[in-house]
1. For R33 and I86, calculate 0.36 nm times their separation in residues minus their Cα-Cα distance, and state this gained length in nm to one decimal.
2. Excluding residues fewer than 8 places away in the same chain, name every one of the aspartates and glutamates whose C-alpha is closer than 16 Å to that of K67.
3. According to the square roots a ≥ b ≥ c of the eigenvalues of the Cα gyration tensor, what is the shape class of the chain, taking rounded for a/c under 1.5, prolate for a/b larger than b/c otherwise, and oblate for the remainder?
4. Just by accessible area at a 1.4 angstrom probe, what is the order of W12, W333 from largest to smallest?
5. Taking H as built 1.01 Å from N, whose amide H comes closer than 5 Å to the amide H of D213, not counting residues under 5 places away?
6. Which parts of region 472-496 would a label at S529 reach, counting a residue when its backbone N lies under 16 Å from a point 7 Å out along Cα-to-Cβ?
7. Tally up the carbon and sulfur contribution to the accessible surface of the chain as a whole percent, 1.4 Å probe, everything protein left in place.
8. How many Å² of accessible area per residue for region 522-624, probe 1.4 Å?
Amino acid sequence: MLKIPKRSTPRWIIFSIDMLICLSSLVMAYLIRFDFVSFPIDEEWPALKWSLPLFLIIRAATFYFGKTYVGIIRYTSTEDSKRIFITVTLGSLIMAVLVPVRYAIDGYYFLPISILIMDYLLTTFLMITFRIAVKLMYAEQVNPAGSKTKVIIYGAGEMGLITKRTLDRDAGTRYKVMAFLDDDQKKKGKTLEGVMIYSSSDLEKVISEHEPDQLIVGILNPHPEKKKNIIETCIQHQVSVLNVPPVQNWINGELSFKQIRKVRIEDLLGREPIKLDENNINAVLKGKRILVTGAAGSIGSEIVRQLIRFSPAKVILLDQAESALYDLEMELWRNDQFRSCEVVVADITTRERIERVFTHFKPEVVFHAAAYKHVPLMEDNPSEALRTNVEGSKILVDLSLKFNVERFVFISTDKAVNPTNVMGATKRVAEIYAQSSNGKGSTKFITTRFGNVLGSNGSVIPLFKSQIENGGPVTVTDPNVTRFFMTIPEACQLVLEAGAMGKGGEIFVFDMGKSVRIIDLAEKMIRLSGFEPGKDIQIKITGLRPGEKLYEEVLSNEENTLSTHHPQIMIAQVREQNALEVEQKVNALIQLFNTQDNMKIVAALKSLVPEYVSNNSIFSSLDE
């Protein structure tokens, strides 16, 4: 094969080759006109001896001003082809005008019209073909076909086509699209830009035939369950999976190859997109002053992002985590979303500070997400869990009543159901206090309860990711441990929906889908990272930590649910509590903080939450 030099060819050589192509095209046009049999030179020469120099001058001038010789040939693009087409067309039009002019002067045609047409077609074709041939030879020289990354694209629609063209444009020398997959059976057996389209149900057959290295999901809104099945099949066959980002994330409206990222573990949930009653949420939140506690956390920050869409008058971002709060502030500035926001650094357990916030900003809606959530840490520090999760929540509830807040939405956890740890028990006490406060004033107290959130601070996803990046091992507490999972946006969307529909006093529980074995999650994350569990990355069983249980529940044994208009939100029916009795017990519990006696604190928690039975903890002795 002809070896293409890596340095750019001088422009004068490209210009000379283009002129040689023009001359060759003219000769071929004459040969075609006379059927390649004979060329009557005696008859044609009187006209040609004047026309040929002018022909070459016109072509040279149009090439010079059209700059067809400027582009680097090995990187020829559609723009280069368009420039050639326009330049050659202009030159041929000038010569077409000269035909009748020349005939009027001396009775000779400048060039026969048939010759001009054939020359125009041949010149355009040969100049573009020459450049494409050089580009292909260079691509093969740099990356031989055998060394290219083989790709299949899931989605044979417009997005799939854009994905293929992006690969061809940005990374065509390193990637080769072997096949398209599509759910539409009508497309099966057809081709798209020369690439065969298969049914998505034939994925295993396609993998067997083409042995791809990667699959790119090139569908805007694929069916979650189908996408999950596609990804899991690829994981089983050690095919890495990448995702095309949403159109709104494209740079200047154009997809870039570098924007195509590996799929996240969230894509394996296979959940239907959440449909919100945006009119109802808008009616409750638009133009309101809204306080979000724990605003710098993973849940709180996403609630802030979601709230801004509904045009509140003011969103007060309150947190004691200074650095994380600063990061959120900078993000909102970058996205031009900070104009309706106010940042407040404060600790929810400091009543004087929080009362000043209520006095100054006069919030109409409160989303309370601030809490200590790490189970093992709170098992070792019950007094801090008490101070933040119980006393901090009580301060916010009391001030909401005092300042006539319209709605108070408390973000709780499934660990508050039949709690086995201090963290879950303190969250359950906060639930009880908020619910029993409903009716004391005009504030509607609404509790939302959901399970683990993928990617949130303290979740297993960042931990597993870090362990995989460091070469393992990936630690799992027990091979049988299961958890419910949601994505952060999913959870926060349902919080807004529940907060808007609540009448006061309800505990809303969310449909968390199917529980997931943590060890299965670990294995999938290892495979998504391109490794083999047990071979490249080890999985280590460490045993349940204090306070942990094998599985989580969304409802306690004494509870049942009522459906709502939203299929993913239900109302938990819990036993009613006497508001005065609850207040007295909670006050007495909070006073125990000063004793710093963990056993007394946990014993009081168990008195308030009878279903709280410690698991794998030093506090199990209190249950005996």
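The values are calculated or read from the model by the stated rules, or taken from the named source; none is laboratory data. Note that the coordinates shown come from a computational prediction; the quantities given were computed from them, not determined experimentally. Neighbour counts run over all protein chains shown; Cβ positions are idealised from the backbone, glycine included. We work out accessible area using only protein heavy atoms, side chains counted, and drop any ligands, DNA or RNA first. Shrake-Rupley method; radii C 1.70, N 1.55, O 1.52, S 1.80 Å.
1. Values: separation 53, 0.36 × 53 = 19.08 nm, distance 2.51 nm.
Length gained, R33 through I86: 16.6 nm.
2. Cross-link targets: D18, E79, D80.
3. Values: a/c = 3.58, a/b = 2.54, b/c = 1.41.
Note, shape of the chain comes out prolate.
4. Details: W12 170, W333 135 Å².
Final ranking, largest accessible area leading: W12, W333.
5. Amide H neighbours of D213, under 5 Å, 5+ apart: K150, V151.
6. Within reach of a label on S529: 472-477.
7. 54 percent
8. Values: 5900 Å² over 103 residues.
With the other protein chains kept in place, region 522-624 gives 57 Å² per residue.
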